[in-house]
Amino acid sequence: MRKLILSMVLIAAVVASIPLTAAKKKKAAAAFSYYLLSLSWAPDFCAQPGKGSDPAECGAGKKIGFVVHGLWPQGDTGRGPENCGPASSVPDSVVQTMLPYIPTQSLIQHEWTTHGTCSGLSVEDYFATVRKVRDSVTIPDEFKAPAQTQTLSPGAIEQAFAAANPSFPKAAFRTACTSGELQEARICFSKDLAPQACTPSAGECNSGTMTVLPVR
């Protein structure tokens, strides 16, 4: 009887230890300070040599403006961690859910491999977080489907985002440009997904003005 009781106690101990062991194997997040949501201006991407052939993002009549480039773990004073893999393939069910946000499967996989693997989240939770923060941002009306080329300062674009999102800190918005053209809008969030002021590592367009290309 004592041997039976002892065996049962040992079995119970082993079973109880399984969740703890599994928890220890969960991948920890790499060190980072906050999240940076990068919204790419599709007309700029599509105007680059060799890029405009993608019909999902660049097809005539699509009228696509800002699309999600990614959600990046960011450092306060420098770029955040990248490629913390190994990275699994993004399940097709997740890809289909993300295509209205990120226009191509290849970019979805790239963002998971490069940035998502450093978040400490599962692939499903990482992309759910991407959707949550993107859905929290209101795109200013003047950038939803502009039909004409505009010339604006970085500050004017950031102010437009701040006005469209009055609950966000004004310093939560940054712009990026290439060759004097709007490339990205960047919005900063805490690890708890609350909007926060960006730090210098988020970058900034240093041009006095930039060209905002119209949608296709």
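Every number in this text was worked out from the coordinates using simple rules, so none of it is lab data. Please read these numbers as outputs of a predicted model, since none were measured by experiment. A quick note on method: Cβ atoms are made from the backbone with ideal geometry, for glycine too, and the neighbour counts reach across all protein chains shown.
Could you give the length gained on full extension between Lys132 and Gln105, defined as 0.36 nm per residue of separation minus the Cα-Cα distance, in nm?
Result: 7.8 nm gained on full extension.
Counting Lys and Arg as +1 and Asp and Glu as -1 over every other residue whose Cβ lies under 14 Å from the Cβ of Ser33, the net charge comes to 0. Applying the Kirkwood pairwise sum to the alpha-carbon positions of the stretch 125-216 produces a hydrodynamic radius of 13.8 angstrom. Helices in the chain, meaning DSSP H runs of at least 4 residues, each add -39500 (n - 2.57). Divided by all residues, the mean residue ellipticity at 222 nm is -10500 deg cm²/dmol. Translational diffusion of the stretch 33-212 was estimated from the Stokes-Einstein equation, with Rh taken as the Kirkwood radius over Cα pairs; at 20 °C and 1.002 mPa s the coefficient is 129 µm²/s. Seen from Phe45, the other residues with C-beta closer than 14 Å to its C-beta sum to a net charge of -2, counting Lys and Arg as +1 and Asp and Glu as -1. About its Cα centre, the dipole of the chain is roughly 960 debye, where the only charges are +1 on Lys and Arg Cβ and -1 on Asp and Glu Cβ. Distance distribution P(r), the stretch 82-178, all Cα-Cα pairs, bin width 10 angstrom from 0: 14, 35, 32, 18, 1 percent. Amide H contacts for Tyr34 (H built 1.01 Å from N in the peptide plane; partners 5 or more residues away or on another chain; cut-off under 5 Å): Gln74. For the chain, lysine pairs with C-alpha atoms less than 18 angstrom apart, excluding pairs fewer than eight positions apart on the same chain, total 6.
Subtracting the Cα-Cα distance of Ser201 and Ala171 from their residue separation scaled by 0.36 nm leaves 9.5 nm.
Taking label points 7 Å from Cα along the Cα-to-Cβ direction, Thr209 and Ala56 give a separation of 3.6 nm. When the chain is described by a simple charge dipole with +1 on each Lys and Arg Cβ and -1 on each Asp and Glu Cβ, the residue from Ala164, Ile64, Leu107 located farthest towards its positive end is Leu107. Taking Cα atoms only, the orientation of helix 154-164 departs from the longest principal axis of the chain by about 60 degrees. Between the Cα long axis of helix 105-114 and the first principal axis of the chain there is an angle of about 60°, rounded to the nearest 10. Think of the chain as having a plus end and a minus end, set by charges on the Cβ of Lys, Arg, Asp and Glu; of Ala197, Ala47, Tyr35, Tyr35 sits farthest toward the positive end of this dipole.
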